[in-house]
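Structure first, commentary second.
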2 protein chains.
Amino acid sequence: MAMLILHEYAASGNCYKIRLAAALAGKRLDRREYDILKGETRTRAFLANVNANGRIPVLQAGDRFLPESNAAAFYVAEGTALIPGDPFDRADMLRWMFWEQYNHEPNIATVRFWMTLVGEDNLNDLQRAMLPGKREGGTAALKLMDEHLAGRDWFVGDAPSVADICLYAYTHVAAEGGFDLGPWAAVRAWIARVEGQEGYIPITA
Amino acid sequence: MAMLILHEYAASGNCYKIRLAAALAGKRLDRREYDILKGETRTRAFLANVNANGRIPVLQAGDRFLPESNAAAFYVAEGTALIPGDPFDRADMLRWMFWEQYNHEPNIATVRFWMTLVGEDNLNDLQRAMLPGKREGGTAALKLMDEHLAGRDWFVGDAPSVADICLYAYTHVAAEGGFDLGPWAAVRAWIARVEGQEGYIPITA
């Protein structure tokens with residue numbers, strides 16, 4: 001595998017997914033930091049060379065560039081037990097990763113971003129109007145996760161996979177957006193299991 | 001592979017992705033229709049037996065159930081050339097599929113749903129407030145696709161993949177949501193290439 005460089009903003013849970021996947025997969029990852037609040041991913045050079053979408057994270061493998069956190073986490077986990085060998089289980093892992101991007105991240109991660117980096121007082125009218133729906137959507141996502149995890153240790157099969165990594169990233173810091181994990185005992189137990197894995201690194205690492 | 005049953009609402013582009021993937025992969029797919037406008041995916045039986053998330057499509061393989069359109073399209077294409085063998089290309093295919101769920105579907109598919117099934121006059125205040133941003137996000141998605149497709153035939157490598165199927169589903173009916181494909185010549189040429197493939201079926205099939 002070519003040398004891996006992560007173009008990132010370290011506080012982003014999406015960037016952390018890739019660092020955690022690499023740590024658990026035992027892959028080396030070099031890091032380049034950009035300050036999204038200063039527009040460093042919207043420069044002409046970034047748009048031309050790293051990602052025309054102006055977003056991070058982007059994983060660089062040799063001279064190729066891979067945006068989208070879940071795709072990059074999948075790539076760094078290639079060839080390890082973090083990707084199930086069974087075709088249905090592999091698709092089921094992707095199912096949770098697509099679900100994360102559609103039902104979890106736009107609610108839980110967005111509200112965390114608004115509360116911690118933008119500030120509730122600085123939200124514009126549209127963001128303020130969307131906030132109740134995002135709180136409701138985020139809570140519904142946590143409830144669905146809790147129901148799924150009741151009586152099972154991991155999202156897919158009986159071993160940790162990239163789906164656990166991608167879902168863990170914003171779930172374990174959901175309280176920063178005001179989401180209470182108190183009611184979700186199965187989610188809290190699963191968070192402890194993720195953190196107990198050999199090679200685990202925290203989001204601040 | 002176990003017998004495949006698609007639980008669906010046929011007019012949904014997300015359901016069509018799976019039908020098109022099966023057709024191009026040469027896999028047989030049985031179909032069960034639910035009327036989402038009559039709440040048929042919110043019944044106790046559907047939530048208990050098919051998908052606790054109350055959403056379609058869900059792909060049934062034997063006695064296992066797989067929600068999330070892009071994961072299901074990936075599964076039916078397993079073992080065919082629609083999934084690249086090269087690990088980076090495979091991850092790059094997933095990159096476009098995650099991008100579709102985050103940047104394309106919530107804009108282009110949602111506006112199409114609002115315009116064709118809800119009706120612009122029936123939008124609530126929040127939907128009305130979100131509409132300009134969704135039109136802008138959808139147009140930005142089409143622009144990014146057009147730039148990527150300039151000088152290349154398919155989204156990943158030099159052959160069609162599941163990424164093309166997943167992106168085609170809502171792009172080719174984007175006009176139903178008011179998105180003009182006129183300015184995007186590379187997108188229009190790519191649509192014609194998708195439709196020229198052996199085994200292609202239209203969304204109305």
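Here, each number is a calculation from the coordinates, and none is a lab measurement. Quick caveat, the model's predicted, so the values are computed rather than measured. When we count neighbours, we look across all protein chains shown, and the Cβ atoms used for this are built from the backbone with ideal geometry, even at glycine.
Couple of notes before you dig in:
- With respect to (1) without any contact (Cβ under 8 Å) to a residue 12 or more places away in the chain; (2) outside any helix (DSSP H, G or I); (3) facing chain B (nearest Cβ under 9 Å), the lone exception for A:N53 is condition (1).
- Subset of segment A:80-93 (residues that are in contact (Cβ under 8 Å) with a residue 24 or more places away in the chain and within 10 Å of chain B (Cβ to nearest Cβ)): A:D89, A:D92, A:M93
- So A:A22, is it assigned to a loop (DSSP other than H, G, I, E, B) and either of a type in the set (G, A, S) or surrounded by 18 or more Cβ atoms within 10 Å (Cβ to Cβ) (or both): no
So that you can scan it fast, the table gives a plain yes or no per residue for (1) out of contact with any Ser or Thr (no Cβ under 8 Å at 6 or more places or on another chain); (2) more than 9 Å from chain B (Cβ to nearest Cβ); (3) among the hydrophobic types (A, V, I, L, M, F, W, C):
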| residue | (1), (2), (3) |
| --- | --- |
| A:A71 | yes, no, yes |
| A:E78 | yes, no, no |
| A:M97 | yes, no, yes |
| A:H104 | no, yes, no |
| A:N107 | yes, yes, no |
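- Qualifying position, being surrounded by fewer than 17 Cβ atoms within 10 Å (Cβ to Cβ) and farther than 23 Å from A:I203 by Cα, among A:R44, A:R32: A:R44
- Residues being in contact (Cβ under 8 Å) with a residue 24 or more places away in the chain and either at positive phi or touching a Lys or Arg at 6+ places or on another chain (Cβ under 9 Å) (or both) - total across segment A:113-137: 1
- Filter result (assigned to a loop (DSSP other than H, G, I, E, B), of a type in the set (V, I, T) and in contact with a helix residue (DSSP H, G or I) (Cβ under 7 Å, 6 or more places away or on another chain)) within segment B:162-205: B:V173, B:I201, B:I203
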